[in-house]
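Participant: To start, I am sharing the structure in question, which I have written as structure tokens.
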Amino acid sequence: MKKTESGRKSGTASAKKRAAELRDAINRANHLYYIESHPELSDPDYDALMRELREIETQNPKLATPDSPTLKVGAPPSGAFAEVVHPVPMLSLGNVFDEDGVRAWHTRTLDLAEVEEAAMVCELKIDGLAIAVTYRDGVLAQAATRGDGVRGEDVTPNVRTIRNVPLRLTGDDVPAVVELRGEVYYPNSAFEAYNREREEAGLPTYANPRNSASGSLRQLDSAETARRPLAMFFYSLGYAEGGTVPSSQWELLEAMRRWGLPVNSWTRRAETVEEVMAAISTAGEERATLDYGIDGVVIKIDSLALQDSLGSVGRDPRWATAFKFPAEQAHTRINRIHVNVGRTGNLTPWAELEPVNVGGVTVRRATLHNRDEIKRKDFREGDFVIIQRAGDVIPQVVKVADHNVRDGSSVPYEFPDKCPVCGEPVLSTEEDAAVRCVNAECPAQFERLLEHFASRGAMDIEGLGERLAQDLARNGIVTRLSDLFKLEDRQEQLSELEGMGEKKIANLLEGIEQSKSQPLSRLLFALGVSGVGSEAGEWLARHFRTMERIQSATVDELLEVDGIGPVTAQTVHEWMSLPANVSLIDELKNSNLTLEDDSPEPPQDHPMRGLTLVVTGTLETMSRSDAESRIKELGAKTSGSVSKKTAYLVAGENAGSKLQKARDLGVRVLDEETFTRFLAGETPAELATR
């Protein structure tokens with residue numbers, strides 16, 4: 001027995017050593033092939049190494065590591081994508097379209113930074129899908145889509161399959177935790193080959209590489225993603241904890257290359273606007289020769305310290321802008337004008353066109369933006385118009401063509417004053433160009449509303465995703481949100497739906513039952529009222545405390561809520577006043593949902609009330625989310641990034657770049673012990689004396 005046990009240990013040790021050797025060899029081969037473009041192994045030799053490693057890990061599952069190259073083949077299908085809250089929001093970019101725009105941005109930026117000059121970095125604007133990838137101790141730990149900039153989707157298994165994304169970073173200067181951002185794209189040559197294969201197989205082809213990249217990355221089966229030849233370029237830092245980070249964008253790109261990440265080699269550094277425009281001109285000339293889509297050039301201030309001090313306005317960073325290439329245009333005719341109704345009730349007009357080719361894509365429909373745009377440009381059915389693909393993706397009608405001639409049958413388009421689907425009156429305000437249907441029972445909105453209602457961050461009903469939401473709505477099983485809480489009596493109908501066995505039905509009903517205890521703030525978000533996101537739901541719940549008080553609130557009373565603006569206040573008031581919605585809330589109350597905010601009333605005299613705090617690093621006595629919850633309970637706000645509006649930074653272990661930014665901006669830093677005293681009610685003056 002001892003000899004057998006000894007032999008087994010020896011065999012395991014040998015397998016562990018061989019697995020490590022194979023991983024090193026395969027990772028080196030991947031780096032040379034995908035990053036350096038200088039392969040040393042032949043395909044058969046590479047495949048042989050991968051097969052041997054896979055066999056070892058299959059026979060010895062405990063030897064598999066989080067950074068094993070075998071993960072590149074994908075994992076079994078998942079049920080859905082989990083929500084990821086970005087610690088630092090993923091901002092969008094403002095746009096400029098000519099040299100005057102670049103100069104205006106540059107002058108404004110220098111003035112705000114109070115400097116005479118500042119070097120810039122010019123990067124190609126890749127036409128793909130923005131992704132944030134987090135590495136912990138050098139190993140890929142999480143990957144998330146941009147989403148709305150604050151919340152994205154966890155696509156870690158899929159990003160692991162992308163061939164040129166390393167599962168482990170190299171180098172001795174990699175921060176302990178670092179989130180790096182970039183763009184996943186579908187190479188043009190691979191896209192064309194994939195479309196040819198689909199065409200030969202009698203399958204529909206895809207419209208463009210960008211949509212294909214997005215669809216490939218959102219496959220629930222990551223093994224399917226692995227079959228798509230996706231690639232990625234990294235270009236920015238989200239945040240870092242533990243260790244130091246470069247001081248400039250240019251140095252950051254160099255560091256990411258050292259760490260083994262794919263960084264676009266085209267990038268230029270520029271000292272003047274003239275050099276920026278020269279880079280843009282070069283990019284335009286080389287655009288057609290690239291194997292990936294670009295729709296412009298991103299211009300960034302090089303100094304990361306200046307970037308931090310400049311901050312952002314809304315969701316656009318002040319320290320960067322995107323020069324957008326002119327969109328390709330074509331002439332065609334508007335046959336009819338239609339109106340779609342979205343999940344939040346927005347009425348969006350679109351034009352049914354005579355088919356026309358724009359940039360290699362046949363366009364049959366295009367957006368008309370909104371009611372005011374139709375009126376301002378006087379678009380009419382039968383008009384000859386100029387269309388373009390904004391960002392080379394979204395078709396839009398630009399203007400009526402100069403050669404257009406109208407006859408006596410041409411009349412101005414009348415935007416509907418009632419929802420084209422449910423017939424209820426629509427809402428519009430002078431401050432907002434949008435026109436909305438606020439009827440929660442509107443069929444056009446309902447499928448998407450039902451999916452949103454059940455989503456993470458809202459009521460979090462496990463098992464109720466897009467497909468089931470469609471089936472429930474289209475089969476008439478759920479015709480209004482309150483019907484969800486009557487499904488216990490409709491199990492026979494549920495069993496007739498595809499894929500709904502006893503276990504799935506039981507799990508669904510359990511998820512629905514558990515959702516009844518979700519707080520009022522979650523319910524407010526789940527109802528899908530336009531302008532009421534998760535934060536606004538919290539603000540409304542904490543201010544009014546009950547659904548009944550929100551229902552009876554006037555527009556002026558709603559405006560008293562910190563963070564609620566005129567458009568949202570008007571929309572909430574109209575939504576709460578609609579008889580169908582009043583009835584819906586009554587039914588939800590009868591189903592025992594939580595319609596009161598039972599969180600403690602924020603003390604009126606607590607010294608933290610009204611302040612904005614940022615929590616970073618690892619705390620010993622509480623989690624970061626617990627710390628943020630306690631801050632909110634005291635009537636203060638939390639933020640994911642440090643700015644001039646930040647009153648205090650709460651810094652635990654490995655505080656990272658936020659700590660440095662707080663020091664640069666003069667924001668007071670609290671250690672955990674001082675923060676605990678602040679929570680207990682000590683004033684800033686008392687904190688400063690101890």
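Bear in mind these aren't lab numbers, they're just calculated from the coordinates by the rules spelled out. Please read these numbers as outputs of a predicted model, since none were measured by experiment. Neighbour counts run over all protein chains shown; Cβ positions are idealised from the backbone, glycine included.
Participant: Cross-link candidates for LYS62: which lysines have Cα within less than 28 Å, leaving aside residues fewer than 8 places away along the same chain?
Facilitator: Cross-link targets: LYS2, LYS3, LYS9, LYS16, LYS17, LYS72.
Participant: GluC sites (Glu not before Pro) within the range 272-348: which are DSSP loop residues with at most 16 other Cβ atoms inside 10 Å?
Facilitator: Hits after loop and neighbour filter: GLU328.
Participant: Rounded, prolate or oblate: which fits the range 175-292, taking a ≥ b ≥ c as square roots of the Cα gyration tensor eigenvalues, rounded meaning a/c under 1.5, else prolate when a/b beats b/c?
Facilitator: It is oblate, given that a/c is not under 1.5 and a/b is not larger than b/c.
Participant: What distance in nm lies between label points placed 7 Å from Cα along the C-beta direction at THR65 and GLU502?
Facilitator: 4.6
Participant: Next question, about the same structure. Over the range 547-594, what is the relative contact order in percent, taking alpha-carbon pairs closer than 8 angstrom and at least six residues apart?
Facilitator: Value for the range 547-594: 31 percent.
Participant: Among GLY457, LEU41, PRO602, whose Cα projects farthest towards the positive end of the dipole of the chain, with charges put on the beta-carbon of Lys, Arg (+1) and Asp, Glu (-1)?
Facilitator: LEU41
Participant: What are the DSSP H helices in the chain that stretch 15 Å or more along their long axis, judged by alpha-carbon atoms, and whose average Kyte-Doolittle hydropathy comes to at least 0.0?
Facilitator: 273-286
Participant: May I pose another question? Between the range 142-187 and the range 224-269, how far is it from one alpha carbon centroid to the other, in angstrom?
Facilitator: 10
Participant: Could you compute the FRET efficiency for ARG668 and SER42, with r as their C-beta to C-beta distance and R0 at 45 Å, rounded to 0.05?
Facilitator: So, using R0 = 45 Å, E works out to roughly 0.15.
Participant: On to the next question. Round to the nearest 0.05 the FRET efficiency obtained for LYS377 and ARG18 when R0 = 56 Å and r is the Cβ-Cβ distance.
Facilitator: FRET efficiency, LYS377 to ARG18: 0.25.
Participant: Treat the range 443-590 as a sphere of radius equal to its Kirkwood radius over Cα pairs and apply Stokes-Einstein at 10 °C in a medium of 1.306 mPa s; give the translational diffusion coefficient in µm²/s, rounded to a whole number.
Facilitator: 99
Participant: Oh, and also: I want the antiparallel fraction of DSSP beta bridges within the range 329-400, as a percent rounded to 5.
Facilitator: Looking only at bridges with both residues in the range 329-400, the antiparallel portion is about 95 percent.
Participant: Calculated FRET efficiency, THR107 and SER265, Cβ-Cβ r, R0 30 Å, to nearest 0.05?
Facilitator: Efficiency, from the Cβ-Cβ distance: 0.50.
Participant: Report the equivalent ellipsoid semi-axes for the range 612-688 in whole Å, largest first, defined as the square roots of five times the eigenvalues of the gyration tensor built from alpha carbon atoms.
Facilitator: They are 17, 14, 12 Å, listed largest first.
Participant: What is the gain in length, in nm to one decimal, between SER591 and GLU535 on full extension, counting 0.36 nm per residue of separation less the C-alpha to C-alpha distance?
Facilitator: Gain on stretching SER591 to GLU535: 17.7 nm.
Participant: By residue number, which cysteines of the chain lack any other Cys whose Cβ falls under 4.7 Å from their Cβ?
Facilitator: CYS122, each lacking another Cys Cβ under 4.7 Å.
Participant: From the phi angles alone, apply the Karplus equation (6.51, -1.76, 1.60; θ = phi - 60°) to the range 120-128 and give each ³J(HN,Hα) in whole Hz, x where the residue is Gly or Pro.
Facilitator: 10, 10, 10, 10, 5, 8, 5, 8, x
Participant: Taking a spot 7 Å from the Cα of GLU117 along the direction of its beta carbon, which residues of the range 231-270 have an amide N less than 17 Å from it?
Facilitator: So the set is 269-270.
Participant: For the range 117-192, run through the GluC sites (Glu not before Pro) and keep only the ones in DSSP coil with at most 14 other Cβ atoms within 10 Å of their Cβ.
Facilitator: Hits after loop and neighbour filter: GLU117.
Participant: Still on this structure, I have one more. When Lys and Arg each count +1 and Asp and Glu each count -1, what net charge do the other residues less than 10 Å away from GLY342, Cβ to Cβ, add up to?
Facilitator: Taking every other residue near GLY342 into account, the sum is +3.
Participant: Compactness ratio of the range 329-400: Cα Rg over 2.2 N^0.38 Å, N = residue count?
Facilitator: Normalised by 2.2 N^0.38 Å, the Cα Rg of the range 329-400 equals 1.04.
Participant: In Å, what Rg and Dmax follow from the Cα atoms of the range 95-324?
Facilitator: Cα radius of gyration and Dmax of the range 95-324 are 18.3, 61 Å respectively.
Participant: Give a residue-ordered list of calculated ³J(HN,Hα) values for the range 346-355 (Karplus: 6.51 cos²θ - 1.76 cosθ + 1.60, θ = phi - 60°; whole Hz; x for Gly, Pro).
Facilitator: Couplings: 4, 8, 10, x, 9, 9, 8, 10, 5, x Hz.
Participant: So what J values fall out for the range 222-235 if you push phi through Karplus, 6.51 cos²θ - 1.76 cosθ + 1.60 with θ = phi - 60°, rounded to Hz, Gly and Pro as x?
Facilitator: Those phi angles translate into 5, 5, 6, 4, 4, 7, 8, x, 6, 9, 8, 10, 9, 8 Hz.
Participant: So, one more: Treating the beta-carbon of each Lys and Arg as +1 and of each Asp and Glu as -1, no other charges, what is the dipole magnitude of the range 95-324 about its Cα centre, to the nearest 20 debye?
Facilitator: Magnitude of the dipole: close to 820 debye.
Participant: Remind me, relative contact order of the chain in percent, using alpha carbon pairs under 8 angstrom and six or more residues apart?
Facilitator: Relative CO of the chain lands at 10 percent.
Participant: How many nm is it between the label spots at VAL356 and ARG257, if each spot is 7 Å from the Cα in line with the beta carbon?
Facilitator: Between VAL356 and ARG257, the simple spin-label model gives 4.4 nm.
Participant: Same structure, new question: Write out the chymotrypsin sites (Phe, Trp or Tyr not before Pro) in the range 608-687 meeting two conditions: DSSP loop, and at most 12 other Cβ atoms within 10 Å of their Cβ.
Facilitator: Hits after loop and neighbour filter: nothing returned.
Participant: Now for a separate question. How large is the convex hull of the Cα atoms of the range 239-333 per residue, expressed in Å³ as a whole number?
Facilitator: 168
Participant: Can you compute the modelled spin-label distance between ASN340 and VAL555, with each label point 7 Å from Cα toward Cβ, in nm?
Facilitator: It is 2.9 nm.
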